[in-house]
Amino acid sequence: MPLPETMFCAQQIHVPPELPDLLKQFTKAAIRTQPRDVLQWAAAYFGSLSRGETLPVKDRAESPAATQRTDTGLTPGLLRVLHRQLCAGVMVSREELEEKWRGLCIPLAQLHSILELDDFGREVDWLKFLALACSTLGGSITAALKHACGILTEDPDGGASRIPFQTFIFLYKYLAQVDGEIPEVQVEDALRALQADADRQANMIQPRNFLSALCPPLS
């Protein structure tokens with residue numbers, strides 16, 4: 001015999017008090033992040049939430065950078081999220097990087113193509129990976145360094161995007177090495193020219209400095 005229909009009334013339904021706000025925050029995060037696969041992203045979102053980890057959430061909605069050669073789905077905003085999730089250590093495991101990458105619904109082929117640009121093992125140098133990822137967003141080292149400053153800076157949104165000069169030196173020399181066609185003397189000339197700017201800014205550098213016509217070309 002079929003079971004009798006269960007009758008509910010408002011008094012019988014218990015709504016956890018935290019549920020409305022949790023769903024509201026989830027919805028706002030989904031709108032800002034615009035994941036390609038909402039279910040996959042939701043699993044990463046609630047998994048991170050339950051573990052007390054940094055959420056895979058953009059600061060705001062965005063479109064792919066206009067300088068991208070192809071629509072890979074990778075954006076400065078997504079790289080900023082990955083940086084917040086993974087920058088606790090200098091090195092990150094491939095497994096953790098791939099897990100966070102999947103959670104943001106970025107095509108895995110893009111991750112693998114970036115990793116192939118250097119001889120990364122099971123452990124990945126995060127700053128080197130970030131530099132290479134930034135290089136896929138633009139067609140020049142200068143554009144990559146501008147993206148890197150926007151991601152690494154501790155300045156408020158819309159600020160100068162300053163980063164430590166030593167970090168800039170590391171990123172620039174690494175990208176120039178990977179490029180393989182930039183003379184070492186050109187790299188050193190640019191860094192000498194930027195040193196004065198860094199000295200005036202408490203050993204910090206910002207995109208305005210290396211985008212200036214007074215700065216020798218980086219690439």
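The smallest convex shape that holds all Cα atoms of the range 122-175, its convex hull, gives 88 Å³ per residue.
Applying the criteria of a DSSP loop state and at most 16 other Cβ atoms within 10 Å to the GluC sites (Glu not before Pro) of the range 130-197 yields Glu154, Glu181. Averaging over all projection directions, the Cα-based convex hull of the chain occupies 17.4 nm² in the image plane. Taken per residue, the accessible surface of the chain reaches 57 Å², heavy atoms only and a 1.4 Å probe.
Less than 5 angstrom separates the built amide H of Val124 from those of Val92, Ser93, Arg94, all sequence-distant by 5 or more or on a different chain. May I ask you to list the lysines whose Cα is less than 18 Å away from that of Lys146, ignoring any residue fewer than eight positions away on the same chain? List returned: Lys128, Lys173.
Treating r as the C-beta distance of Gln195 and Leu117 and R0 as 41 Å, the FRET efficiency rounds to 0.90. Ordering Met91, Met204 by accessible surface, largest first, gives Met91, Met204; the 1.4 Å probe counts only protein heavy atoms, with every chain in place. Mean separation of Cα pairs under 8 Å and 6 or more residues apart, divided by the residue count, gives the chain a relative contact order of 15 percent. Axis angle, to the nearest 10 degrees, between helix 76-86 and the longest C-alpha principal axis of the chain: 80 degrees. When the solvent-accessible area of the chain is split by element, carbon and sulfur atoms take up 56 percent of it, the probe being 1.4 Å.
The values are calculated or read from the model by the stated rules, or taken from the named source; none is laboratory data. Note that the structure is predicted; figures quoted are calculated from it, not measured. Cβ coordinates were reconstructed from backbone atoms using ideal geometry, including for glycine residues, and neighbour counts include every protein chain displayed. When the accessible area is computed, the model is the full protein with side chains, heavy atoms only, and any ligands, DNA or RNA have been set aside. Shrake-Rupley method; radii C 1.70, N 1.55, O 1.52, S 1.80 Å.
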